[in-house]
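Values quoted throughout were computed directly from the atomic coordinates according to the rules given, and no laboratory measurement underlies them. All values derive from a computational prediction rather than experimental measurement. Here Cβ is always computed from backbone atoms with ideal geometry, including for glycine, and neighbour counts include all displayed protein chains.
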């Protein structure tokens with residue numbers, strides 16, 4: 001009888017020892033699997049974070065036409081955290097494009113990582129009344145850049161581009177003065193003139209967006225000395241200060257600044273700096289007088305002024 005009891009106690013002890021070993025192995029396996037799963041999730045998350053893809057823009061250069069939008073885009077593209085759409089998309093102001101939807105718009109954007117800013121520019125957006133609400137519906141937090149220059153100079157540059165395009169296609173075009181003046185007075189119906197009424201178009205944007213989301217760039221200053229204007233744009237876009245004065249050099253042949261990045265230089269194409277079409281001194285004076293009141297209204301809206309005309 002005693003031996004039976006001792007044998008039973010020994011058997012129970014052996015079984016408890018084996019159970020303890022099994023439980024320990026199960027805990028170890030569970031811990032290893034959890035660590036592996038966590039590592040896999042972390043790796044997947046990191047991979048997803050660093051993955052490049054086409055994203056909707058976080059900032060848009062909305063205008064103005066012939067105000068220096070291409071120069072501003074190329075200069076901001078010097079920043080390592082900025083990727084730009086290479087062509088004007090005209091998504092919000094061309095009905096055929098807008099009907100294609102946001103997936104089409106996104107497909108026009110460059111590849112970026114999640115930490116980069118996607119930037120596009122279409123100067124036709126600024127003067128198109130339907131665009132502000134469409135942009136808001138796309139992203140109410142989008143940042144907007146508006147580059148302006150002397151409205152009289154902008155008008156003449158606008159005309160010069162249209163004239164060049166028509167002459168290239170061997171089509172006739174009226175002299176600027178004939179389009180600008182009617183019975184000796186400024187014709188308010190001239191389209192190029194209407195595009196220079198900055199206050200009118202900005203009103204439509206401020207009806208939708210708060211002023212803090214619209215940054216005005218001095219286009220004339222950008223031509224004279226690019227760096228200060230770009231530093232302001234960096235701050236507005238919440239970018240680290242990575243663009244430097246060394247990124248620019250003055251090209252005496254072209255008459256404007258060119259860009260330097262990673263040992264490579266880049267100048268804007270030959271359409272920039274094209275000689276302006278002639279306009280008589282008398283017509284220019286009338287044009288400047290016409291812009292006096294609209295300019296004053298624009299200055300009051302943005303809280304700063306420029307030396308125009």
On the basis of being touching a helix residue (DSSP H, G or I) at 6+ places or on another chain (Cβ under 7 Å) and exposed (fewer than 13 other Cβ atoms within 10 Å of the Cβ), does residue 241 make the cut?
yes
Take the residues in the range 164-179 that are out of contact with any helix residue (DSSP H, G or I) (no Cβ under 6 Å at 6 or more places or on another chain) and part of a helix (DSSP H, G or I); name whichever of them is nearest to residue 274 (Cα to Cα).
164
Output the helices (runs of 4 or more DSSP H) that fall wholly within the range 61-163 and possess 2 or more residues being touching a residue at least 12 places away in the same chain (Cβ under 8 Å), within 17 Å of the chain's Cα centre (by Cα) and more than 23 Å from residue 274 (Cα to Cα), or say none.
102-107, 131-138
Considering each residue of the range 164-190, count those that are loosely packed, with under 13 Cβ neighbours inside 10 Å, under 33 Å from the mean Cα position of the chain (by Cα) and within 22 Å of residue 289 (Cβ to Cβ), and give that number.
2
Looking at the structure I just gave you, is residue 228 farther than 19 Å from residue 145 by Cβ and either surrounded by fewer than 15 Cβ atoms within 10 Å (Cβ to Cβ) or out of contact with any strand residue (DSSP E or B) (no Cβ under 8 Å at 6 or more places or on another chain) (or both)?
no
Whichever residue in the range 274-299 is free of Cβ contacts under 8 Å to residues at least 40 places away in the same chain and either within 27 Å of the chain's Cα centre (by Cα) or closer than 18 Å to residue 187 by Cβ (or both) and, among such residues, is surrounded by the most Cβ atoms within 10 Å (Cβ to Cβ):
299
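Would you confirm, using the coordinates I've provided, whether residue 305 is in contact (Cβ under 8 Å) with a residue 12 or more places away in the chain, over 28 Å from residue 79 (Cβ atoms) and surrounded by fewer than 16 Cβ atoms within 10 Å (Cβ to Cβ)?
Details: in contact (Cβ under 8 Å) with a residue 12 or more places away in the chain: no; over 28 Å from residue 79 (Cβ atoms): yes; surrounded by fewer than 16 Cβ atoms within 10 Å (Cβ to Cβ): yes.
Against the criterion (in contact (Cβ under 8 Å) with a residue 12 or more places away in the chain, over 28 Å from residue 79 (Cβ atoms) and surrounded by fewer than 16 Cβ atoms within 10 Å (Cβ to Cβ)), residue 305 does not qualify.
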